[in-house]
1. Out of all the residues in the range 5-34, which are hydroxyl-bearing (Ser, Thr, Tyr) and part of a helix (DSSP H, G or I)?
2. How many of the residues in the range 61-81 are modelled with pLDDT under 90 and of a type in the set (Gly, Ala, Ser)?
3. Six or more apart or on different chains, Cβ under 8 Å: which pairs go from a residue in the range 7-32 that's at negative phi to one that's hydroxyl-bearing (Ser, Thr, Tyr) and modelled with pLDDT of 75 or more? Could you list them?
4. Going residue by residue through the range 82-97, is there one that turns out to be in a loop (DSSP other than H, G, I, E, B), modelled with pLDDT under 75, in contact with an Asp or Glu (Cβ under 7 Å, 6 or more places away or on another chain) and closer than 20 Å to PHE109 by Cα?
5. Does any residue of the range 35-52 turn out to be outside any loop (DSSP other than H, G, I, E, B) and either of a type in the set (Gly, Ala, Ser) or over 27 Å from ASP104 (Cα atoms) (or both)?
Amino acid sequence: MKKKLLLVPVLVGLLSISIFTELFLNLWFQLTARGYFIPMESNIFIFKPTIWNDGSGEWWLYGEDNKYYYGLNIDKDNEKYSKRQIYFKILRTDVDDEYFNKHDYKTWFE
């Protein structure tokens, strides 16, 4: 009887985690997708991909969490952006709403 009573809070906890965090999505892609990563400034609970690669790879192009917006450096041939930099980030508090497009990192720095 006690085991059945313990099962309910565990199920409620797992359901809450799946609804209110990005844990299961990020775990799934960390385990199954090549090239998928979570930025060092974020974590597995709060990082949320917002635009995915539309090719055969399963990685994000743009993402966000409660502190930053992230953009994958897909413009590696452009000398303006560092070829070594894997992704860009900008603080949500530094965003200029008039010109900012969270799905175009080139608008983040101009």
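1. Going residue by residue through the range 5-34, those that are hydroxyl-bearing (Ser, Thr, Tyr) are 16, 18, 21, 32.
Listed by number, the residues that qualify are SER16, SER18, THR32.
2. 0
3. Between residues of the range 7-32 that are at negative phi and residues that are hydroxyl-bearing (Ser, Thr, Tyr) and modelled with pLDDT of 75 or more, the close pairs are PHE29/TYR36; GLN30/TYR36.
4. We begin by selecting, within the range 82-97, every residue in a loop (DSSP other than H, G, I, E, B); these are 82-86, 95-97.
The next check asks that each one be modelled with pLDDT under 75; those that pass are 82-85.
Filter once more, so that each one left must be in contact with an Asp or Glu (Cβ under 7 Å, 6 or more places away or on another chain): none.
Looking for residues that are in a loop (DSSP other than H, G, I, E, B), modelled with pLDDT under 75, in contact with an Asp or Glu (Cβ under 7 Å, 6 or more places away or on another chain) and closer than 20 Å to PHE109 by Cα, one finds none in the range 82-97, hence no.
5. Checked against the condition, which is being outside any loop (DSSP other than H, G, I, E, B) and either of a type in the set (Gly, Ala, Ser) or over 27 Å from ASP104 (Cα atoms) (or both), the range 35-52 yields no hits at all.
The values are calculated or read from the model by the stated rules, or taken from the named source; none is laboratory data. Bear in mind that the values here come from a model prediction, so they are computed numbers and not experimental data. Glycine also receives a Cβ, built like all others from the backbone with ideal geometry; neighbour counts cover every protein chain displayed.
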